[in-house]
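Worksheet: one structure, shown below.
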Amino acid sequence: MSKEPTLQEQIDAYDDSEIQVLEGLEAVRKRPGMYIGTTSSRGLHHLVWEIVDNSIDEALAGFCTDIQVTIEPGNVVSVRDNGRGMPTGMNAKSGKSTIETIFTVLHAGGKFGGGGYKVSGGLHGVGASVVNALSDWLEVKVYRDSHIYFQRFEHGGKPVGDLAVIGSCDENIHGTEVKFNPDPTIFKETTTFDWDTLEERLRQLAFLNKGLRISLIDERTENIRRATYHYEGGIKEYVEYLNKNKNNIGDVIYLEGSEDDIVIEVALQYNDGYNSSIYSFTNNIHTVEGGTHEDGVKLALTRIINKYARNTGILKDKDEPLTGDDVREGLTMIISCKHPDPQFEGQTKTKLGNFEVKKIASDIFSQGFERYLMENPKTAKVIVEKCALASQARLAAKRARETTRRKSALDGINFMGKLTDCKSKDPSECEIFIVEGDSAGGSAKSGRDFNTQAVLPLRGKILNVEKARLDRALNNEEIKSMITAFGTGIGDDFDISKLRYHKIIIMTDADVDGAHIRTLLLTLFYRYFKPVVEGGYVYAAQPPLYKVTYGKKTVLVQNDDDLEKVKANIPDKYKSSFTVNRFKGLGEMDPIELRDTTMSKEHRVLRRITVEDAMQADAAFDLLMSDNVEPRRDFIVENAGYVQNLDV
Ligand code: 2B7
């Protein structure tokens, strides 16, 4: 039997929990990487995702239809949802309000969601306290029961007063608003939020949660920018979006079903190309490494198409069965799984491990897809005949390879000729700069660190890989030199462990042409060297746009926003004597300049290319290749993402 604690015991317990709270948030500040991975720009944006995840959970629970993300002047982000509003009562255990507990106790999530959420993408609310710990200040407002509740935290999560009612609202208004200012002493690299990064993920979240309306507003400049992402068709519209510039076969096929609280949705469409783009998600998280949901659907796709091909005589008795690669040629597919208890495995924890999902996904897909083929015989015939053609081409290519093995295109050692290699043979410290044009290539060769930095200049037009099968792509000079340089091989022979450089750095000008070339390269990497992108080995160099000089100081500046900030921070005594130089293209920099601004490890800014970037490039690719100049230019400018200050 436990007896009531004495007053002194209660006070001691309170102090203990108080100390634990401070230690908890202090631990986050000491080792932010442990909680958000990195304190780079990526970590900065991670803060937004942690907060947005809580709104998404509320949407998945069925109580929130609108989420608004606003970038305010001064590096402030505010997120607002129209959910039930965080509970405003007291938390018996901590002796504080539930809201203060959510924002100050690490691992406080989950316990407050009225038993927790059935499906959650994030860490069940642990994120709110992490964001608070890493913020200079944070404010929360809750609209609930006709009241507006408010609390503010400062300097890494310390409450400034208790949760308080600061006003009243209409009883129909409910929801949560969280506004925060990331701590610049933690995010030393940058505290500037990037529209494109936020847009990319918010749009994806809107596709993955049909009906949910997500708005993004940028109030940093006078002409306020706003966009709303809202897709009643969900992932069906996602496939339409990814395929909008392709020659598609039939409409997007959409299948859905559930078992034991596990929901599976699949959307797919074939096009006349040769590549396949399959993206799978679990609880809105991109499962880059796939997993049981993806395995189940792929298995079913191969099985059903083979069955249909035999039954209709497209495949004869003597013919070999179609392989997975055959049935995925020209396929774009999104698989979304919602699971109450997902197990994430793999190197990057992006592989779904729950074994029961494989059969559920496979059954749901089989039923729906078989029925689709029966009900749409014309489209079905085109699709299955295309798969059979892929199989024939594969078998023909295999025979050709076997006879001409000796004369393999990749044996040509002379392709190494273009490569200026580095001295080190340790891939983990080696970098290769892929540079467009001979003049930039020349500067890069002279300005590099010859121990660890290799340079491969590219000339000429990189092959339109969409229109070509692998065998033709292998004949392209530029591609051959890259394959040889990377050392991984390609296609069936691909071996990531043989990669000779752990940083592949695309170095192009910060203009439209540079963006074009980068899109081509990203598409190429994504289609033929996918594990290189997935493994995070690909980077884009970010050459600075300006150089500001005052007194003995030189500051390199990436964009116009930062230029204004740098100028504002110049001490008064230099105010009339500073200079701003605008850099021209890479080709016009001398080797020293190129080294000091873009290549040297101390000064350069690299952007790691994500799978999402490559997806975007892939979707942009076909339009990029068309001859229609105007929409093409618009599209490049819109989608080049990290290209700043385009000279359009
Ligand atoms: C795990 C914790 C963090 N929470 C709730 C309820 C609603 C709710 C939240 C939220 C971010 C920015 C605007 C549940 C969940 C706490 O418990 S968090 N809405 N929105 C949010 O954080 N948005 C809730 C059950 C009954 N009533 C309310």
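Some observations on this one:
- Counted residues, the range 161-181 - those being away from the ligand (no atom under 16 Å from the Cβ) and among the charged types (D, E, K, R): 2
- Of residues in the range 483-500 being β-branched (Val, Ile, Thr) and closer than 16 Å to residue 526 by Cα, the one surrounded by the fewest Cβ atoms within 10 Å (Cβ to Cβ): 496
- Test: residue 505 is at pLDDT 80 or above and within 22 Å of residue 608 (Cβ to Cβ): yes
- Here the condition is being buried (at least 20 other Cβ atoms within 10 Å of the Cβ), in contact with an Asp or Glu (Cβ under 7 Å, 6 or more places away or on another chain) and at pLDDT 90 or above; of 54, 82, it holds for 82 alone.
- Of residues in the range 425-484 being in a loop (DSSP other than H, G, I, E, B) and among the β-branched types (Val, Ile, Thr), the one modelled with the highest pLDDT: 452
- Selection from the range 29-39 of residues that are more than 16 Å from the ligand (Cβ to nearest atom) and buried (at least 19 other Cβ atoms within 10 Å of the Cβ): 32, 36, 39
- Residues satisfying the stated conditions in the range 180-211, i.e. over 24 Å from residue 555 (Cβ atoms), within 20 Å of the chain's Cα centre (by Cα) and in a loop (DSSP other than H, G, I, E, B): 209, 210
- Residues in the range 549-570 that are in contact (Cβ under 8 Å) with a residue 12 or more places away in the chain and over 17 Å from residue 595 (Cα atoms): 549, 550, 551, 559, 560, 561, 562, 563, 566, 567, 570.
- Residue match in the range 525-533 (condition: crowded, with 19+ Cβ neighbours inside 10 Å, aromatic (Phe, Trp, Tyr) and not in a helix (DSSP H, G or I)): yes
- The single condition among (1) near the ligand (Cβ under 8 Å from one of its atoms); (2) more than 21 Å from residue 224 (Cβ to Cβ) that residue 88 does not meet is (1).
- The residues in the range 566-583 that are surrounded by 11 or more Cβ atoms within 10 Å (Cβ to Cβ) and not in a strand (DSSP E or B) can be counted, and the count is 6.
- Of everything in the range 223-262 that is among the β-branched types (Val, Ile, Thr) and crowded, with 19+ Cβ neighbours inside 10 Å, the residue that is nearest to residue 618 (Cα to Cα) is 239.
- Long-range neighbours under 6 Å by Cβ, at least six apart or interchain, first residue more than 24 Å from residue 182 (Cβ to Cβ) within the range 60-74, second aromatic (Phe, Trp, Tyr) and within 11 Å of the ligand (Cβ to nearest atom): 61/117
- Verdict on residue 287 being buried (at least 18 other Cβ atoms within 10 Å of the Cβ), among the β-branched types (Val, Ile, Thr) and within 23 Å of residue 535 (Cβ to Cβ): yes
- The set of residues in the range 510-526 that are in contact with a strand residue (DSSP E or B) (Cβ under 9 Å, 6 or more places away or on another chain) and under 26 Å from residue 489 (Cα atoms) comprises 517, 518, 521, 522, 525, 526.
- Count - residues of the range 40-72 that are more than 9 Å from the ligand (Cβ to nearest atom), closer than 15 Å to residue 130 by Cβ and of a type in the set (Val, Ile, Thr): 1
- Checked against (1) out of contact with any Asp or Glu (no Cβ under 7 Å at 6 or more places or on another chain); (2) buried (at least 19 other Cβ atoms within 10 Å of the Cβ); (3) in a loop (DSSP other than H, G, I, E, B), residue 156 passes all but a single condition, namely (1).
- Hey, residue 253 under 26 Å from residue 136 (Cα atoms) and out of contact with any Asp or Glu (no Cβ under 8 Å at 6 or more places or on another chain) or not: no
The values are calculated or read from the model by the stated rules, or taken from the named source; none is laboratory data. A quick note: this is a predicted structure, and the numbers were derived from the prediction, not measured. All Cβ positions, glycine included, derive from the backbone under ideal geometry; neighbour counts span all protein chains shown.
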